[in-house]
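J.: The structure that follows is given in the form of structure tokens.
The values are calculated or read from the model by the stated rules, or taken from the named source; none is laboratory data. It should be emphasised that the depicted structure is a prediction, and the values quoted were computed from it without experimental measurement. Reconstructed Cβ throughout: ideal geometry from the backbone, glycine too, with neighbour counts over all protein chains shown.
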Amino acid sequence: MKNLWKLMLTSILAVFLLAACGGNAVDDKPKENESNTENVAGEEVEAEFPVTLKDAVGNEVKIEVAPTKIVSMIPSNTEILFGLDLADEIVGVSDYDDYPAEAAEKDKIGAMEFNVEAIIAMNPDIVFGHESAYGMSEEGYQQIRDAGISVFVVKDALNFEETYETIETIGKATGKTKEATEIIDNMKTKVDEVVAKVKDVDTKKTVFVETSPAPEIYTPGAKTFAQELLDLVGAENIAADQEGWVQMDPEEIIKRNPDVIVVMYDYIDTAVEDVYARDGFGTITAIKEKAVVQVDENITSRQGPRLAEGLEAYAKAIYPEVFGE
């Protein structure tokens with residue numbers, strides 16, 4: 001009898017919650033960017049379907065049931081999906097996907113120029129694209145939609161908060177809201193730990209982040225993910241007076257004299273050695289202090305679960321003394 005009363009009470013609470021959220025207990029159309037997640041008697045309930053979410057290009061994508069066949073078109077999406085424990089559901093990934101190791105074993109769909117026919121042949125329930133590549137591939141995306149396949153274009157996140165939102169959204173789209181929350185909480189904990197370690201540094205260091213080698217040396221300026229990483233670890237970006245990804249002449253780098261040079265590419269085995277050997281760089285503090293450090297580009301630029309590790313990599317590269325290195 002006691003259990004029966006508990007069941008009746010829970011049902012009544014659920015009705016009131018539905019009425020409060022939608023104004024109509026039989027209205028099954030979710031609000032924009034909102035899943036059908038309820039909280040009954042203080043307990044979190046897994047997202048229900050159908051769910052309608054707005055993607056990065058403004059399309060409302062209705063997902064009827066939790067997808068069982070997923071195609072990911074960019075490494076950051078893939079890392080999130082694996083983090084959400086969807087390894088078995090992933091049937092296709094891009095040619096660049098290399099993490100986790102299991103991603104490399106999945107069928108490939110191409111890179112920036114993806115194979116539309118191959119994707120359609122996989123017959124996925126949903127394809128997760130990305131805003132960063134959408135402009136040059138819009139026709140291909142539409143062909144996939146025309147084949148009756150749901151396409152969700154993921155936002156090109158520019159900071160940690162937008163990355164958290166991306167993980168949360170993909171969690172809603174796949175019925176993995178609990179797992180998404182756990183990933184986000186773990187990332188925030190890691191970020192807080194790193195920030196706490198560097199908050200009391202005596203002198204803020206100046207940094208030059210190099211994303212491509214000479215002769216065309218590029219660096220991230222303001223309004224980039226790298227800028228946020230530098231801000232969080234308490235370092236000064238010598239290119240912060242410019243926005244986006246900019247080319248900088250060697251003479252200008254010498255003039256701005258960074259304390260640390262962070263190298264963000266590894267496709268050249270001698271990347272760090274080449275920086276030390278550049279003509280005229282001998283006067284730069286980073287060269288004299290042997291402070292040219294290579295970091296893993298993937299964990300510092302992919303908008304996924306490993307970004308917190310990327311933040312730590314930046315902190316260790318710039319303030320190794322804080323970490324006992």
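J.: Quick one: in region 100-111, which of the residues that are assigned to a loop (DSSP other than H, G, I, E, B) and in contact with a helix residue (DSSP H, G or I) (Cβ under 6 Å, 6 or more places away or on another chain) is surrounded by the most Cβ atoms within 10 Å (Cβ to Cβ)?
T.: In this case the residue turns out to be 109.
J.: Only residues that are among the polar types (S, T, N, Q) and within 18 Å of residue 229 (Cα to Cα): list them for region 135-165, please.
T.: If the condition is that a residue be among the polar types (S, T, N, Q) and within 18 Å of residue 229 (Cα to Cα), then 159, 163 are the ones that fit.
J.: If I filter region 222-235 down to residues being in a loop (DSSP other than H, G, I, E, B) and touching a Phe, Trp or Tyr at 6+ places or on another chain (Cβ under 7 Å), which single residue comes out as surrounded by the fewest Cβ atoms within 10 Å (Cβ to Cβ)?
T.: 224
J.: A follow-up question, please. Residues that are touching a residue at least 40 places away in the same chain (Cβ under 8 Å) and within 30 Å of residue 72 (Cα to Cα): find the helices (runs of 4 or more DSSP H) completely inside region 238-325 holding 2 or more of those.
T.: 297-301, 307-318
J.: One residue is enough: does region 276-289 have a residue meeting the conditions under 19 Å from residue 232 (Cβ atoms) and either in contact with an Asp or Glu (Cβ under 9 Å, 6 or more places away or on another chain) or at pLDDT 95 or above (or both)?
T.: The answer is no; no qualifying residue exists.
J.: For region 193-202, check the following and say yes or no: at least one residue is part of a helix (DSSP H, G or I), under 20 Å from the mean Cα position of the chain (by Cα), under 27 Å from residue 272 (Cα atoms) and not basic (Lys, Arg).
T.: Yes, that holds for at least one residue.
J.: Let me ask something additional. If you go through region 210-233, how many residues are over 22 Å from residue 303 (Cβ atoms) and either among the aliphatic types (A, V, I, L, M) or touching a residue at least 60 places away in the same chain (Cβ under 8 Å) (or both)?
T.: Number of matching residues: 3.
J.: Hey, residue 117 hits all of (1) at negative phi; (2) among the acidic types (Asp, Glu); (3) in a loop (DSSP other than H, G, I, E, B) but one; which does it fall short on?
T.: (3)
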